[in-house]
Amino acid sequence: MPVPERITLLVLEDDASFGGVLEEELRARGHEVERAETVAEARERVRRGSFDVALLDLQLPDGSGLDVLREVFAESLPLEVLILTGNAEVPTALEAMRLGAYDYVAKPPRLEELNVLVQKAAEKARLRRENAALRVRLRHHEPMSGFVTGDPSTKEMLATLERAAGSPLPVLIEGETGTGKELLARALHEHSPRKAFPFVPINCAALPENLIESELFGHERGAFTGALDRKIGLFEVASRGTLFLDEIGELSLALQSRLLRVLETQEFFRVGGTRSVRVDVRVVSATNRDLRAEVEAGRFRQDLFYRLLGVALRVPPLRARRGDVALLARHFLDRGGSGRMLDAGALETLGAYDWPGNVRELEMVIGRAAVLSPGSVIRAEDLPLEVRPRAAPRVLRTDLSLAEMEREYIQAVLEKNRGHRGRTAEALGIDPKTLYNKLQSWGASEDR
Ligand SMILES: Nc1ncnc2c1ncn2[C@@H]1O[C@H](COP(=O)(O)OP(=O)(O)OP(=O)(O)O)[C@@H](O)[C@H]1O
Ligand SMILES: [Mg+2]
């Protein structure tokens, strides 16, 4: 079980005896405490130190704790602020909340209450830091037009794509549904010398068989009933640009031969036309089938396969690069303008799920959680049920004594909270001291 980091605290309190008591009591609860007695000193320390929480008195000889609070926010320091307030200062405390303080505590504080607040505030500061760290990683992992990855083999694939972009070679992108094939095809176009010309996507699966020819190649006036005018096909629209043939594996054998001829000759006839049209298009195709297997099964022409294959890119499914899940989740939250943070439980749940719909599914899950989660933090409970691990069926054991049962249960809750006693006590609805005593009596190891 990981040992939770110690909480680092700055206490700003000019009353030496009261400050001293606070300092000692908080230290006795396992925290690292430093104390300042003036605003100037506190400002200096928050700027230089790395505190999780600052506990600020309001009235000090050289100013107000609010000055320190303002400094924290002006400099976006990753710590949370708790305000110590006397009865007469409640309006100021409310002002502090408005400025972004985590909470305020009346003087003299009840130490257990204060300690719980300190733990909660520290947890929030830690989340803030972790999410900030994810953002920094994001900045390093977004090289190609919004395609986010930190995964080494996916990055290699991106490097190949970047090299291929400058060449006239056709590119075939293979990958499961929702892995970002279209995003990559667009990125390829954007990084190619053709970027000033059109990128034209065609979904081969969605085109009705009887229209696909005229869609692709256009038709002459009167070519068939209803062809009242000459129509330019998508091949011509894409001239000098990129034609993206999505779901190429769905193309009928007849159209496969037609396409092959165009790719070989760079020429085609409009439907009903007698003069050939020359085109200069770069073809990028994508499929979520295994095209080689389709060739072997006789459903896809081998010669066309090799024509399209110039450069082959295989996008790994999300479950093969679980490290990307947190990165992508952060990316989608930021892109949606949600400042919400993901807590450790949510990240763990997302990381354990298999993502059959890959990045598209993750994008939807995050989008929904960002809207539906009640607070600023997204927890595992805020994620849709299908993503969450199915709870083990509850089997109520009847062969245990009450004391044994209690012990097993407490151990389970402790494990769920990764050994964090404060959170475990909170979840159990008992005093931390009670929990501590129970663990002691069972001889649990110290210092968790
Ligand atoms: N690595 C990534 N970084 C950021 N966004 C991504 C990434 N991969 C996919 N997406 C996003 O996920 C969604 C699905 O991607 P896309 O449509 O490109 O997938 P696809 O492979 O073409 O799927 P399908 O096979 O179902 O057509 C899009 O909104 C896309 O922007
Ligand atoms: Mg697609």
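The values are calculated or read from the model by the stated rules, or taken from the named source; none is laboratory data. Bear in mind that the values here come from a model prediction, so they are computed numbers and not experimental data. As a convention, Cβ positions derive from the backbone with ideal geometry for all residues, glycine included, and neighbour counts pool all protein chains shown. These area figures cover heavy atoms from the full protein model, side chains too; ligands, DNA and RNA do not enter into them. Shrake-Rupley method; radii C 1.70, N 1.55, O 1.52, S 1.80 Å.
Some notes on this structure:
- Among the candidates L60, L12, L55, L66, the residue that is in contact (Cβ under 8 Å) with a residue 40 or more places away in the chain, open to solvent by less than 50 Å² (accessible area, probe 1.4 Å), of a type outside the set (G, A, S) and out of contact with any strand residue (DSSP E or B) (no Cβ under 6 Å at 6 or more places or on another chain) is uniquely L60.
- Condition met for L313 (surrounded by 19 or more Cβ atoms within 10 Å (Cβ to Cβ) and assigned to a helix (DSSP H, G or I)): no
- Any chance L350 is crowded, with 21+ Cβ neighbours inside 10 Å, at pLDDT below 95, more than 16 Å from ligand 2 (Cβ to nearest atom) and not small (G, A, S): no
- Test for V90: is it touching an Asp or Glu at 6+ places or on another chain (Cβ under 8 Å) and surrounded by fewer than 18 Cβ atoms within 10 Å (Cβ to Cβ): no
- Per-region count, segment 176-197, residues near ligand 2 (Cβ under 10 Å from one of its atoms) and in contact with a Gly (Cβ under 6 Å, 6 or more places away or on another chain): 2
- Looking only at segment 384-401, and only at residues there that are open to solvent by 60 Å² or more (accessible area, probe 1.4 Å) and modelled with pLDDT of 85 or more, the one that is nearest to T434 (Cα to Cα): R388
- Consider segment 289-305 and keep the residues that are within 23 Å of H189 (Cα to Cα) and either at pLDDT 95 or above or among the aliphatic types (A, V, I, L, M) (or both). The one that is nearest to the chain's Cα centre (by Cα) is L291.
- Residue, nearest to the chain's Cα centre (by Cα), within segment 345-373, restricted to residues that are assigned to a loop (DSSP other than H, G, I, E, B) and not hydrophobic (A, V, I, L, M, F, W, C): Y353
- Total residues in segment 69-106 satisfying the condition of being free of Cβ contacts under 8 Å to residues at least 24 places away in the same chain and not aliphatic (A, V, I, L, M): the figure is 6.
- Qualifying positions in segment 228-265 - among the polar types (S, T, N, Q) and within 16 Å of ligand 2 (Cβ to nearest atom): T242
- Segment 285-303: number of residues that are open to solvent by 70 Å² or more (accessible area, probe 1.4 Å) and under 18 Å from A205 (Cα atoms): 5
- Taking the numbered list (1) aliphatic (A, V, I, L, M); (2) open to solvent by 40 Å² or more (accessible area, probe 1.4 Å); (3) in contact (Cβ under 8 Å) with a residue 12 or more places away in the chain in turn, V262 passes all entries but (2).
- Positions within segment 231-253 being open to solvent by 10 Å² or more (accessible area, probe 1.4 Å), out of contact with any Gly (no Cβ under 7 Å at 6 or more places or on another chain) and away from ligand 1 (no atom under 16 Å from the Cβ), in sequence order: L234, V237, S239, R240, S252, L253
- Scoring R43 on the criteria (1) in contact with a helix residue (DSSP H, G or I) (Cβ under 6 Å, 6 or more places away or on another chain); (2) open to solvent by 40 Å² or more (accessible area, probe 1.4 Å); (3) under 30 Å from R379 (Cα atoms) leaves a single failure, condition (3).
- Any hit, segment 274-281, residues being open to solvent by less than 70 Å² (accessible area, probe 1.4 Å) and modelled with pLDDT of 90 or more: yes
- Test: residue in segment 288-307 that is touching a His at 6+ places or on another chain (Cβ under 8 Å) and closer than 17 Å to P168 by Cα: no
- Every listed requirement among (1) in a helix (DSSP H, G or I); (2) open to solvent by less than 60 Å² (accessible area, probe 1.4 Å); (3) more than 25 Å from R110 (Cα to Cα) is met by L439 save one, (3).
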